[in-house]
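What follows is a short report on a single structure.
Nothing in this text is a laboratory measurement; each read-out follows from the coordinates by a stated rule. From a predicted model like this one, the values you see are computed outputs, not experimental measurements. Quick reminder, even Gly has a Cβ in these numbers, built from the backbone with ideal geometry, and neighbours come from all protein chains shown.
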Amino acid sequence: MARYGIGTAWPGAWTTLVINVVGCFAMGCLMVTELHRTTQLFLGTGVLGGFTTFSAYTGDFQHLVTTAPVAGIAYLAGTLVAALAAVTTGATLTRRLTR
């Protein structure tokens with residue numbers, strides 16, 4: 001629901017990138033919590049899996065690469081790098097804040 005609202009308010013590939021990066025940050029935070037494993041799985045695959053939209057990411061990439069190839073490649077690489085950085089940052093910050 002949140003993803004749909006954000007995507008409706010600001011449609012486009014770059015909105016998808018932001019949604020996925022925010023979801024990856026939250027996933028990084030979740031990975032290092034001491035929540036029960038079942039709760040982590042529910043929140044990770046259920047809630048955050050529903051929030052992020054990597055299927056739209058591939059569709060956005062396909063559209064961009066055919067209309068603006070350089071932007072498409074930048075989007076592909078930028079999303080990957082930003083998502084991995086967000087997971088790492090979320091996990092690192094959560095570890096530091098919960099010591």
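Restricting the first member to region 63-82 and to residues that are within 15 Å of Thr16 (Cβ to Cβ) and touching a residue at least 24 places away in the same chain (Cβ under 8 Å), and the second to residues that are surrounded by fewer than 12 Cβ atoms within 10 Å (Cβ to Cβ) and among the polar types (S, T, N, Q), no beta-carbon pair is closer than 8 Å while six or more apart or on different chains. The residue of region 78-99 that is surrounded by the fewest Cβ atoms within 10 Å (Cβ to Cβ), among those that are of a type in the set (Gly, Ala, Ser) and either touching a Ser or Thr at 6+ places or on another chain (Cβ under 6 Å) or closer than 15 Å to Phe54 by Cβ (or both), is Gly78.
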